[in-house]
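Asker: One structure is given below, represented as structure tokens, and several questions about it will come after.
Read-outs: derived from the displayed coordinates by stated rules, not from any lab. Predicted model, so just to flag it, every value in this text is computed and none were measured. FYI the Cβ positions are ideal-geometry reconstructions off the backbone, even for glycines, and counts take in every protein chain you see.
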Amino acid sequence: MPRVYMDANATTPLLPEVLEAMRPYWMERFGNASSIHLDGQQARNAIESAREMLAEFLGCRQAEVVFNSGGTEGDNTALFGMLGAGDHLVTTSIEHSAILQAAERLGQMGVEVTYVAPRPSGLIDPDAIGAALRPNTKLISVMLANNETGVVQPAEEIGKIAQAAEVFFHIDAVQGAGKVALNVSRLGCHLLSLSAHKMHGPKGVGALFVRRGTPLASLLVGGSHEHRRRAGTENVAGIVGLGKAAELAMHSLEDGTIPRLAALRDRLEAGILKIPGTGINGSQSNHCHPERAPRVEGSASSFSEDNPVPRVANTTNLWFDHLESEALVIALDLKGVAVSGGSACASGATLPSHVLLAMGVSKSRARASLRLSLLKTATAADVERVLEVLPEAVAKLRELSPVAAGQVF
Ligand code: PLP
């Protein structure tokens, strides 16, 4: 039985076209892009072609694209490069640890930090961001799509608030890139980070959009690479892979892939919700009926309490009463199904998800929650396989569970 991988928000495999595009830059075109000879110029041209693709992907100028090592570096650069003692940062309590731990360290360095909590649905209220602003607020940093729930934040509205207040705005778009259309002018951001390996590109490479005129200090010094914004010999093959992944992502945003994924995700959710004692995290109601389950809107601009909460098409986060999700992850793994019990980047930690806790989910329910995130290449057969093994695994674990037996509260 082939394995079913439903942990795309942790990482994705290369698409074959991405590998093909990268291959020559490890082999015959191995030059250093800073060299003036032909070998160097081939590498330089490849990087600049990828930059052109990223500029199209983001709707920005080529000179505003800075290649780096991925989402963590982009997030760290945005925060450490913008803020110093006496400044104020507004962020949220559901950010990735790349933001939260950078903010914590900045706090120790004399930066004031406000963490805005989400609504129970997982959505950040733009008005709460506005209300958190102070005269010394220098930066707002809010993610586009949450890695655990898939909830798409009202980034466009937050961008307008930032603009009106003349505050810089950073978006962690690591989980949004390739799943919702990006346009940095529409989003109104000054900085935006993304990572290739979340969108069928290689690991260890990403990009930071830096709007022209943004006073960003570089984290790394030691060379004039990337317009002096990021020193270090460029990862040419990785950058070529990111460019190809962005090109393919642009196609798949328009070729019906996203509605197809949303339909598969909805089918998966509807099937899982038939198991008693289950529900969706990151929706309007914790008891979301399948028919009313939020569908992907792909819009970062539809903030309303009345609408179903927009989510990226590939993600669902569900709770299973009377279960420990770690046990379920292991049981599913043994059946050949890969899912995640929380943020993959925090794997190894047994703490309940900070995202779910911030949404007001109880500790026991947060510990009993599972994230399933579909690859772009997911099939109906993958969904059926999960629906075949999951109910049985849940039933078995509940039978064994001291929580179910009422021995643990
Ligand atoms: N931001 C978000 C929202 C993420 O989900 C992740 C990774 O899971 C990161 C940042 C870090 O990205 P990278 O793995 O490229 O360092």
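Asker: For segment 1-151, state what percent of all Cα-Cα pairs lands in each successive 5 Å bin, counting from 0 Å until the bin that includes the largest distance.
Answerer: 2, 8, 12, 14, 15, 14, 12, 10, 8, 5, 1, 0
Asker: Among 201, 110, 71, determine the one that fluctuates most according to a GNM of the chain built with springs between C-alpha atoms less than 10 Å apart.
Answerer: Highest fluctuation of the listed residues: 110.
Asker: Would you mind working out the magnitude of the charge dipole of the chain relative to its Cα centre, with +1 at each Lys and Arg C-beta and -1 at each Asp and Glu C-beta, to the nearest 20 Debye?
Answerer: Roughly 240 debye for the chain.
Asker: A further question follows. Residue 45 versus residue 109, label points 7 Å from Cα toward the beta carbon: distance in nm?
Answerer: Rounded to a tenth, the inter-label distance reads 4.1 nm.
Asker: Apply the Karplus parameterisation 6.51 cos²θ - 1.76 cosθ + 1.60, with θ equal to phi minus 60°, to every residue of segment 309-315 and state each ³J(HN,Hα) to the nearest whole Hz, in sequence, with x for glycine and proline.
Answerer: 5, x, 9, 5, 5, 9, 10
Asker: Given Cα pairs under 8 Å that are at least 6 residues apart, what percent is the relative contact order of the chain?
Answerer: Computed over the chain, the figure is 21 percent.
Asker: List the residue ranges in the chain for DSSP H helices whose C-alpha atoms run 27 angstrom or more along the long axis and whose Kyte-Doolittle average is -1.0 or above.
Answerer: 38-58, 380-400
Asker: Taking the chain as a Gaussian network, Cα atoms linked when under 10 Å apart, which of 127, 321, 333 shows the biggest mean-square fluctuation?
Answerer: 127
Asker: Follow-up. Leaving out same-chain residues fewer than 8 places away, which lysines sit with a Cα under 18 Å from that of residue 396?
Answerer: 274, 335
Asker: Mind telling me which of 74, 86, 241 comes out most flexible in a GNM of the chain, alpha-carbon contacts under 10 Å?
Answerer: Of 74, 86, 241, the Gaussian network model singles out 86 as fluctuating most.
Asker: Another question, then. From the P(r) of segment 114-168, could you give the percentage of C-alpha pairs in the tail past 14 Å?
Answerer: 50
Asker: Now, a different point. To check you understand DSSP bridge types, tell me what percent of the beta bridges within the chain (both residues inside) are antiparallel, rounded to 5.
Answerer: DSSP beta bridges in the chain are roughly 50 percent antiparallel.
Asker: Which entries in 179/244; 138/244; 160/363; 160/203 show an alpha-carbon gap greater than 27 Å?
Answerer: From 179/244; 138/244; 160/363; 160/203, over 27 Å: 138/244; 160/363; 160/203.
Asker: May I pose another question? Sequence-distant or interchain residues sharing an amide H contact under 5 Å with residue 281, placed H: which?
Answerer: 317, 318, 319
Asker: Please report the relative contact order for segment 1-129, taking Cα pairs under 8 Å with a sequence separation of at least 6, and give it as a percent rounded to a whole number.
Answerer: Contact order relative to length: 14 percent.
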